[in-house]
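J.: Structure provided below as structure tokens; questions to follow.
The values are calculated or read from the model by the stated rules, or taken from the named source; none is laboratory data. Given the structure is predicted, the values throughout are model-derived calculations rather than measurements. We place every Cβ from the backbone using ideal geometry, glycine too, and count neighbours over all the protein chains shown.
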């Protein structure tokens, strides 16, 4: 398990250390972590998470698309090659995506391709809140969305992912697992 930090310890981290520790709160999000670092001192877990969310919300459409494009396809090529970040690997496995049947794999692969062609970014869903059936249903449903709505939904899912990733890293006496505030 990765090292857990107190808010006080996080507030003491130099820029480079903070980046090293928090660059994958949003997948490959070095720029995001760098922007969030400048908001120290953080008052609480919720404040730290809010800083990540606020930065994502402040981006223009192209920046939000870039955040989504940093995420791998679910059960995709990177997963098969063992090239996922450790966070994504654990999240996809917990949702059952590492043990798909051939039929499920073919369905998710086909719909991932359709989705990516339509929106020009991958389908993103918080795997920790979903299992295979819900992910497959969500993918089929969200393919029908307008691009603007899907961009918004994708960013909301990244915020959920970032919440759980931060939860894994923060040691705080008052911290209790709960649904993310977005």
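J.: Scan (1) touching a residue at least 24 places away in the same chain (Cβ under 8 Å); (2) within 24 Å of residue 152 (Cα to Cα) for the single condition residue 58 breaks and write down its number.
T.: Single failed check for residue 58: (1).
J.: I would also like to ask the following. Just to be sure I understand the filter: pairs with C-beta atoms under 6 Å, separated by 6 or more residues or on different chains, first member in the stretch 143-157 and within 11 Å of residue 123 (Cβ to Cβ), second member in a helix (DSSP H, G or I) and modelled with pLDDT under 95. Which pairs pass?
T.: Sorted first by the residue in the stretch 143-157, then by its partner, the list stays empty.
J.: OK, next. Which residue is surrounded by the fewest Cβ atoms within 10 Å (Cβ to Cβ), if the candidates are limited to the stretch 123-140 and must be in contact (Cβ under 8 Å) with a residue 24 or more places away in the chain and assigned to a helix (DSSP H, G or I)?
T.: 140
J.: Look at residue 93 and say whether it is in a loop (DSSP other than H, G, I, E, B), free of Cβ contacts under 8 Å to residues at least 40 places away in the same chain and within 16 Å of the chain's Cα centre (by Cα).
T.: So residue 93 does not fit the description; no.
J.: From 99, 120, grab the single residue that is at pLDDT 95 or above and surrounded by fewer than 14 Cβ atoms within 10 Å (Cβ to Cβ).
T.: The conditions single out 120.
J.: Scan the stretch 141-152 for residues that are loosely packed, with under 14 Cβ neighbours inside 10 Å and over 18 Å from the mean Cα position of the chain (by Cα) and report the count.
T.: Qualifying residue count, the stretch 141-152: 5.
J.: Run residue 63 past the list (1) at pLDDT 95 or above; (2) within 22 Å of residue 111 (Cα to Cα) and report the number of the one that doesn't hold.
T.: In the conditions (1) at pLDDT 95 or above; (2) within 22 Å of residue 111 (Cα to Cα), residue 63 misses (2) alone.
J.: Take the stretch 11-38 and flag every residue that is in contact (Cβ under 8 Å) with a residue 40 or more places away in the chain and either over 23 Å from residue 89 (Cα atoms) or touching a helix residue (DSSP H, G or I) at 6+ places or on another chain (Cβ under 8 Å) (or both).
T.: Answer for the stretch 11-38, where residues must be in contact (Cβ under 8 Å) with a residue 40 or more places away in the chain and either over 23 Å from residue 89 (Cα atoms) or touching a helix residue (DSSP H, G or I) at 6+ places or on another chain (Cβ under 8 Å) (or both): 21, 22, 24, 25, 26, 27, 29.
J.: What residue, among those in the stretch 141-182 that are part of a loop (DSSP other than H, G, I, E, B), out of contact with any helix residue (DSSP H, G or I) (no Cβ under 8 Å at 6 or more places or on another chain) and modelled with pLDDT of 90 or more, is farthest from residue 68 (Cα to Cα)?
T.: Only one residue tops the list, namely 144.
J.: Given the criterion modelled with pLDDT under 95 and in a helix (DSSP H, G or I), identify the matching residue among 74, 78.
T.: After applying the criteria, what remains is 78.
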